[in-house]
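See below for the structure under consideration.
Just so you know, all these numbers are worked out from the coordinates, no wet-lab data involved. What you see is a predicted model, and the numbers here were worked out from it, not measured in a lab. Cβ atoms come from the backbone with ideal geometry, glycine included; neighbour counts cover every protein chain shown.
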Amino acid sequence: MHYKEASFYVDPVTLDSLTLSEAVSDGDEVISGVLVSASGHRFEIANGVPNLVYPFELPPADRESLQQTEARVDGYDRYLPLTFSTYGEDEQLVRNAMIDKLNLRPESVVLETGAGTGRDSEIIAQRLGTQGKLYVQDLSPSFLARNVERMRSNAVRTEPALANGYYLPFPDNSFDACYHFGGINAFADIRRAFSEMARVTKPGGKVVVGDESMPPWLRDTEFSRVLINSNPEFAYPLPLEKLPVQARKTRVEWIIGGVFFVIDFVVGEGEPKADFDFPIPGVRGGSHRTRYFGKLEGVTPEGKRLAYAARAKTGKSMHQWLDDVVRQAALRDLGSNE
Ligand SMILES: C[S@@+](CC[C@H](N)C(=O)[O-])C[C@H]1O[C@@H](n2cnc3c(N)ncnc32)[C@H](O)[C@@H]1O
């Protein structure tokens, strides 16, 4: 970990800044030490890699997925190409096309979570210049160690850390782009993962996430049953309802034989904005705002019939007629000084 990173990382749960202590360094690199937050949370640095994983006691789903990942570290890079060749796909082409969606520039600062052994990390790094920077994170120490090994000879500044993809140890608006491919289906909190990616990405930046998901229109096919039998992760639903409200220009594509999704969106601020105030043409009249915020109580069927007839006679819109009637009656009952 570079010395300067101590002031960039934050406590993944409280978002408090961290203080480096007990540091042992080699030039600018901190080899070991502890990052401590105001709340007293301690995050160890070992072999130059901070462990910022939170919760300290992982939920069962993540513990199980971590055990499975650790167990397959040796075969991972050997067998992973099968994921692509099964469908006649070229892994490099597919990964490059996903990374295209990040809209990277040479100076981009990028976060990759669930980075694994670095099969995408090295492609992302190729897109960055000396001003760019790549943070690679994973839950699994063995996978991240492979990643560090793979990225060692890379000229681009890379900062590895152990971290949980749904508790990101960064302040808001830290990155130009955020990327995650594979493994998110098994996260104990997928909604929080998307929300965290949106939080740490600057408004206007990109989030790109992919994983297995058999499209709904293929679920009842032999093709689907064969694949789900071998890998139950294909049965995971597309996590569209777990996207954050800040997601804009959201796109979904099915890739790798059409059985993996890749979702990408531009990070916006809060809920989308729209003009709720233009007068809506027609007999009802009013605006989106008056229709939603101006609702009053219901009336009797006879009162309603009379109101409709009176409105038609005046030629006003229903909104205008009601607004006039309610105002007049209210002013009459309140006296004239309102
Ligand atoms: C299928 S691998 C994909 C690795 C890499 N992205 C690739 O494309 O080769 C899934 C990765 O997600 C990581 N992972 C699983 N749960 C995680 C979590 N809660 N937070 C961060 N990483 C996680 C695993 O350790 C593993 O490295």
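Counting Lys +1, Arg +1, Asp -1, Glu -1, what net charge surrounds residue 18 among other residues with beta carbon under 10 Å of its beta carbon? List each step's numbers first, then the result.
Details: positive: 42; negative: 5, 11, 16.
Neighbour charge sum, excluding residue 18 itself: -2.
Which distance in nm do the two modelled labels at residue 223 and residue 307 give, with both placed 7 Å along the Cα-to-Cβ direction?
Reported label-point gap for residue 223 and residue 307 is 5.4 nm.
Taking each pair of distinct Cα atoms in the chain once, what is the resulting Kirkwood hydrodynamic radius in Å? Each step should come with its number before you reach the end.
Numbers: mean 1/r = 0.0429 Å⁻¹.
23.3 Å is the Kirkwood radius here.
Normalised by the residues of the range 1-74, what does the relative contact order come to in percent, with Cα pairs under 8 Å and at least six apart? Mind showing how you got there, number by number?
Details: 104 pairs, mean separation 16.5, N = 74.
Once normalised by length, the contact order is 22 percent.
Show that you can apply the helix-only estimate: for the chain, add -39,500 (n - 2.57) for every DSSP H stretch of four or more residues, divide by all residues, and state [θ] at 222 nm to the nearest 500. Can you show the working numbers first?
On the way: 11 runs with 109 residues, N = 338.
That comes out to -9500 deg cm²/dmol.
Long-range amide H contacts for residue 187: which residues qualify at under 5 Å (H placed 1.01 Å from N, peptide plane, sequence gap of 5 or more or a different chain)?
Here nothing satisfies the definition.
Hey, what did the chain get for relative contact order, percent, Cα under 8 Å, at least 6 apart? Before the final figure, lay out each step's value.
Details: 591 pairs, mean separation 41.5, N = 338.
Taking the mean separation of contacting Cα pairs over the length of the chain, I get 12 percent.
Can you list the residues, at least 5 places off or on another chain, whose amide H is less than 5 Å from the amide H of residue 10, using H built in the peptide plane?
Sorted by chain and number, the residues that satisfy this are 170.
Highest mean first, what order results for 240-250, 178-188 on Cβ atoms within 10 Å? Let's see the in-between values first.
On the way: 240-250: 14.6, 178-188: 22.3.
For the peptides 240-250, 178-188, the packing ranking is 178-188, 240-250.
From the cross-link list 101/273; 202/249; 249/273; 273/316; 206/242; 242/295, which pairs have alpha carbons spaced over 21 Å apart? Don't jump to the answer; show the numbers that get you there.
Numbers: 101/273 24 Å; 202/249 15 Å; 249/273 13 Å; 273/316 29 Å; 206/242 17 Å; 242/295 31 Å.
Checking Cα-Cα distances, 101/273; 273/316; 242/295 exceed 21 Å.
Explain nothing, just compute: Karplus ³J(HN,Hα) = 6.51 cos²θ - 1.76 cosθ + 1.60, θ = phi - 60°, for every residue of the range 71-77 in order, whole Hz, x for Gly and Pro.
Working through the residues one at a time gives 6, 10, 4, 5, x, 4, 5 Hz.
Between 226, 243, 312, whose Cα lies farthest towards the positive end of the dipole of the range 208-338 when Lys and Arg beta carbons carry +1 and Asp and Glu beta carbons carry -1, centred on the Cα centre?
Final value for the positive-end residue is 312.
Can you give the alpha-carbon Rg of the range 35-182 over 2.2 N^0.38 Å, where N counts its residues? Working shown, then result.
Details: Rg = 15.6 Å, N = 148, 2.2 N^0.38 = 14.7 Å.
Rounded to two decimals, the normalised Rg is 1.06.
Count charges around residue 161 for me, please; just the other residues with Cβ under 9 Å from its Cβ, Lys/Arg as +1, Asp/Glu as -1. Let's see the in-between values first.
Values: positive: none; negative: 5, 138, 159.
Neighbour charge sum, excluding residue 161 itself: -3.
Label-point separation (nm) for residue 230 and residue 276, each offset 7 Å from Cα along Cα-to-Cβ?
5.1
For the pair residue 38 and residue 77, what calculated FRET efficiency results from E = 1/(1 + (r/R0)^6), where r is the Cβ-Cβ distance and R0 = 45 Å, to the nearest 0.05?
On the way: r = 40 Å, r/R0 = 0.90.
After rounding to 0.05, the efficiency reads 0.65.
Using mean Cβ contacts within 10 Å as the protection proxy, how do 74-82, 102-110 order, highest first? Mind dumping the intermediate values first?
Values: 74-82: 11.6, 102-110: 18.1.
In decreasing order of mean packing, 74-82, 102-110 become 102-110, 74-82.
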